[in-house]
Amino acid sequence: MQSTRLEINPQENTWEQIKVTEELISSYSLEKWSQNFSLMTAGYRDQLDPDDAASPDVAINFVTFAILGEAKARVFKRKCDKKDNLHVHVGGETRPHTQDFISILARIYAAHGFKVHLRAQISTTPIWYSSFGVFYEEFQSGDNLTASHSQYFKGGWKPIDSLGKQLVEEEEEIINEVQHIVSSKATIELAPLSSENILNDFNIDEAYITYQKTVIDKKSIDEIIMANKRGFRCAICTVGGSMKLTSERLFKLFGIPLGESNIIQYFFDKEDSQYHKIGQINGENYGVDPTKQEIYRNIGAQEKLLNNEANIIFIWDPDGDRFNMVTMASSKNHERYIQLGLEVESIHDSNKRIVYFTPNQIFFMLTTFQIASLKKSNLFDAYDWFIASSVTTSRALDELAKLEKIPMVHIKVGFKHWGTFAQWLEERKDINEPYVTALGEEIKLGKNPRLIMMCEESGGAIFGGTDLLLNKSHSKKMIALREKDGFQLGLLSLSLAAFLYNSDQSFADYYCDLILKHNIKHKYFDRYDKRLYDERLSGQMLQNAKMEGEAKRDKVMKFFHDLAAKYPSKLSLDEICNEINSKLDKNCKPLPELKHICLIGTGGLLEGTFLQFKTFWFVIRASGTDAVLRYYINGQDKEEIIAYQESLMGLQI
């Protein structure tokens with residue numbers, strides 16, 4: 001039987017229909033797809049065909065995107081009490097077919113009577129820009145088409161609510177609607193792309209700058225301008241993603257000069273659906289996560305630093321929610337850097353060293369820098385400041401929070417959970433009501449709370465300011481943005497870099513001085529991603545590999561989950577530790593005394609398990625974005641955490 005294939009022109013300027021017939025369901029395996037569809041940690045992600053947007057052999061194509069758009073349109077149309085509130089933004093980054101998928105969604109929303117707001121002047125949109133704009137413009141919702149740092153053969157859809165947060169409350173309803181569209185063999189209407197309901201008017205540059213000036217003070221911008229005059233240069237790698245065109249507009253509005261003879265320069269900046277093949281090494285595709293060694297060591301950062309083309313290198317991922325940097329320092333303190341947990345690359349016949357930072361280390365520096373700035377401005381004691389992080393982020397921040405006598409909030413991995421917490425904080429009726437964290441701690445946040453930083457060890461963060469974030473009519477206010485903002489993170493890092501340059505100090509020495517000054521214990525961190533299956537496979541081979549990999553994942557997750565669930569009523573901590581040690585591979589180091597164990601969040605199997613020992617902690621969780629099982633460990637002794645990580649990864653379960 002010959003398969004039925006959808007032939008449609010996304011740019012068509014006439015009304016069209018997509019009929020979900022039995023033949024289409026069979027050709028595109030829509031029954032199975034709809035039953036498996038879910039919105040994960042960062043929205044929906046799956047495989048696409050870079051050469052064929054209509055391919056029935058992969059999960060993301062014209063048909064499935066049309067169904068997603070139809071489902072969301074129906075759900076949000078039902079939610080809307082007034083027709084004039086039907087406003088939706090659609091944007092996306094640079095991976096294959098993104099603009100065609102945006103057109104499909106825009107036409108479906110327009111057919112339902114929504115006013116659709118597409119980017120003005122440029123076609124790509126970083127995720128944080130979408131998030132800020134939907135909230136500020138008071139739209140009912142938005143979509144950003146992104147798979148973030150994933151390989152170019154994966155596509156993604158992140159639907160966001162009126163606050164700019166990945167939607168949570170409507171998730172189940174959208175899943176049910178997707179299944180109903182398939183089972184009822186629905187007809188999907190597409191308006192012409194030239195419809196008066198489709199507008200290229202999405203531009204919130206000025207509003208975004210106004211807000212960021214409440215987070216990043218004038219002194220910080222002045223420091224950047226001064227460093228520029230002294231010859232400081234920052235080269236930014238945007239990996240062919242969406243950040244170049246947006247960031248250069250914003251830098252200009254801040255008065256920060258761009259170009260070869262100025263502070264900001266770009267490389268790998270031309271938008272490219274395959275990300276200039278960055279991360280494709282020896283037949284492997286590692287994606288374009290800037291926090292991975294396969295990326296930050298293979299973009300030519302070393303040459304730019306050593307040739308004095310730049311004093312620092314920044315890296316943004318395709319949708320601008322992850323950030324990293326590469327720096328240079330003198331060789332004289334090489335051993336000190338290594339001892340305090342920095343990654344250092346020696347250069348033959350050179351008195352220079354390339355120094356790489358993890359997101360955890362960057363967050364620690366920026367948080368101390370922000371606190372110092374607030375104290376200088378007499379603002380630190382004027383508000384109830386707090387820090388928030390994912391449960392898998394280094395406890396160096398916890399130590400800093402304790403020293404500064406401010407609350408620390410642990411949140412489940414996934415920025416949508418930050419949004420849920422922030423909404424609770426903004427809407428609470430009783431200022432004395434504690435927040436129960438993802439680890440079960442009860443944290444009070446004071447009468448006038450303000451966020452210093454919310455971060456995830458994977459490389460994303462947002463910072464708050466003295467002023468709350470207001471929408472256009474000032475009818476709603478938020479403690480901070482609901483998405484990781486790589487531009488804000490980059491701008492704060494640029495401010496610190498400029499300060500250090502003007503003070504003739506390296507990032508490496510600055511970091512080491514801070515660690516010693518604050519007597520930070522949790523200096524060493526490791527995350528290992530154990531691959532479950534090869535995501536490059538397709539068809540039945542992919543399904544078989546996925547089933548086998550997920551079965552192994554679930555077996556490991558269930559082992560730790562059940563141990564935590566049985567504590568303390570059925571198993572003691574000693575009994576749990578003995579059970580884990582009984583599964584050790586030979587020659588592996590036995591685990592020491594266990595101090596605490598708990599399930600993360602609501603205790604779902606894949607949410608993970610947290611184990612606390614005297615000098616380190618460990619988390620195991622299933623990734624919500626990639627086909628990997630993640631092992632996290634953070635502690636006080638480098639050799640110790642390496643040994644215990646090997647023990648835990650090698651358990652015979």
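Per residue, what accessible area does region 1-151 have, given a 1.4 Å probe and all protein chains present, in Å²?
35
Measure out, as a whole number of angstrom, how far apart the alpha-carbon centroids of region 6-45 and region 524-597 sit.
One Cα centre to the other: 36 Å.
Using a 1.4 angstrom probe on heavy atoms only, work out the carbon and sulfur share of the accessible area of region 478-551 in %. Working shown, then result.
Working: 1480 of 3050 Å².
Percent of accessible area from carbon and sulfur atoms in region 478-551: 49.
Could you rank the peptides 606-613, 41-48, 61-68 by their average count of other C-beta atoms within 10 Å per residue, with the highest value first?
Per-residue Cβ counts within 10 Å, averaged per peptide and sorted highest first, yield 61-68, 41-48, 606-613.
Subtracting the Cα-Cα distance from 0.36 nm times the residue separation, let me have the gained length for residue 13 to residue 306 in nm, one decimal.
100.2 nm
Could you give P(r) for region 109-199, binned at 10 Å from zero, as whole percent values over all Cα-Cα pairs?
With 10 Å bins starting at 0, P(r) equals 14, 38, 40, 8.
Just tell me which lysines come within less than 27 Å, Cα to Cα, of residue 352; anything on the same chain fewer than 8 places away is out.
Partners within reach: 229, 292, 304, 332, 517, 523, 638.
Tell me, how many Å apart are the Cα centres for region 342-370 and for region 372-414?
Each part's Cα centre sits 22 Å from the other's.
Just to verify a number: FRET efficiency for residue 332 and residue 262, C-beta to C-beta distance, R0 = 41 Å, to 0.05?
0.85
Quote the charge dipole size of region 426-518 about the Cα centre in Debye, to the nearest 20; the model charges only the Cβ of Lys and Arg (+1) and of Asp and Glu (-1).
With only Lys, Arg, Asp and Glu charged at Cβ, the dipole is about 500 debye.
Using a 1.4 Å probe on the protein heavy atoms, what percent of the accessible area of region 1-153 belongs to carbon and sulfur? Could you put the intermediate results ahead of the total?
Details: 2360 of 5400 Å².
Carbon-and-sulfur percentage of accessible area, whole number: 44.
Can you work out the accessible area per residue across region 296-445, with the rest of the protein chains kept in place, probe 1.4 Å, in square angstrom?
Per residue, region 296-445 has 40 Å² of solvent-accessible surface.
Mind giving me the nanometre distance, one decimal, between the label points for residue 277 and residue 587, set 7 Å out from Cα along Cα→Cβ?
Taking the two extended label points, one gets 3.9 nm.
Provide the FRET efficiency to the nearest 0.05 for the residue 544-residue 378 pair, computing r from the beta carbons and using R0 = 56 Å.
Efficiency at R0 = 56 Å is approximately 0.35.
With charges set only on the Cβ (+1 for Lys and Arg, -1 for Asp and Glu), what does the dipole of the chain come to about its Cα centre, in debye to the nearest 20? Walk me through the numbers on the way to the answer.
Values: 77 positive and 89 negative charges, 279 e Å.
In total the dipole reaches around 1340 debye.
Extension gain residue 441-residue 649, at 0.36 nm per residue separation less the Cα-Cα distance, in nm?
Taking 0.36 nm per residue and subtracting the Cα distance, the gain is 72.1 nm.
If Lys and Arg each add +1 and Asp and Glu each add -1, what is the summed charge of the other residues whose beta carbon sits under 14 Å from the beta carbon of residue 189?
Net charge around residue 189: +1.
How far apart, in nanometres, would the label points at residue 213 and residue 180 be if each is projected 7 angstrom from Cα along the Cα-to-Cβ direction?
Taking the two extended label points, one gets 4.7 nm.
What is the percent carbon and sulfur in the accessible area of region 595-653, measuring with a 1.4 Å probe over the protein chains and ignoring ligands?
About 53 percent, which is the carbon plus sulfur part of the accessible surface.
Would you work out which of 466, 288, 232 lies farthest towards the positive end of the dipole of the chain? Charges go on Cβ: Lys and Arg +1, Asp and Glu -1.
466
Would you please give the FRET efficiency between residue 230 and residue 284, computed as 1/(1 + (r/R0)^6) with r the Cβ-Cβ distance and R0 = 45 Å, to the nearest 0.05?
In this case the efficiency is close to 0.60.
With unit charges on the beta carbon (Lys/Arg positive, Asp/Glu negative), name the residue among 581, 537, 564 whose Cα is farthest towards the positive pole of the charge dipole of region 507-653.
The listed residue farthest towards the positive side: 564.
Toward the positive end of the charge dipole of the chain, about the Cα centre and with charges on Cβ (Lys, Arg +1; Asp, Glu -1), which of 48, 339, 60 goes farthest?
339
So for each of 10-21, 231-242, 591-602 I average, over its residues, the number of other beta carbons within 10 Å; can you give me the resulting order with the highest mean first?
Ranking, from highest mean packing down: 231-242, 591-602, 10-21.
Suppose every K and R has +1 on its Cβ and every D and E has -1 on its Cβ; what is the size of the dipole of region 178-249 about the Cα centre, in Debye to the nearest 20?
Charge dipole of region 178-249: 480 debye, to the nearest 20.
Of the beta bridges DSSP finds with both residues in the chain, what % are antiparallel, to the nearest 5?
65
What residues from region 568-590 fall in the zone where the backbone N is under 16 Å from a label point 7 Å along the Cα-to-C-beta line of residue 559?
Once the point is set 7 Å along Cα→Cβ of residue 559, 576-590 turn out to lie under 16 Å by backbone N, inside region 568-590.
If the cut-off is a Cα-Cα distance under 15 Å, which aspartates and glutamates reach residue 558, setting aside same-chain residues fewer than 8 apart in sequence?
550, 579, 607
Can you tell me the convex hull volume per residue for the chain, based on C-alpha atoms, in Å³ to the nearest whole number?
So the per-residue Cα hull volume is 164 Å³.
How would you rank 337-347, 484-494, highest first, on the average number of other Cβ atoms within 10 Å across their residues? Provide the component values of the computation, followed by the final result.
Numbers: 337-347: 16.5, 484-494: 25.8.
Ranking the peptides 337-347, 484-494 by packing returns 484-494, 337-347.
Report the Cα centroid-to-centroid distance between region 137-181 and region 303-329 in angstrom, as an integer.
That distance is 31 Å.
The values are calculated or read from the model by the stated rules, or taken from the named source; none is laboratory data. Just so it is clear, the structure is predicted and the values come from calculations on it, not from any experiment. When we count neighbours, we look across all protein chains shown, and the Cβ atoms used for this are built from the backbone with ideal geometry, even at glycine. The area values use the complete protein model at the heavy-atom level, side chains included, leaving out ligands, DNA and RNA. Shrake-Rupley method; radii C 1.70, N 1.55, O 1.52, S 1.80 Å.
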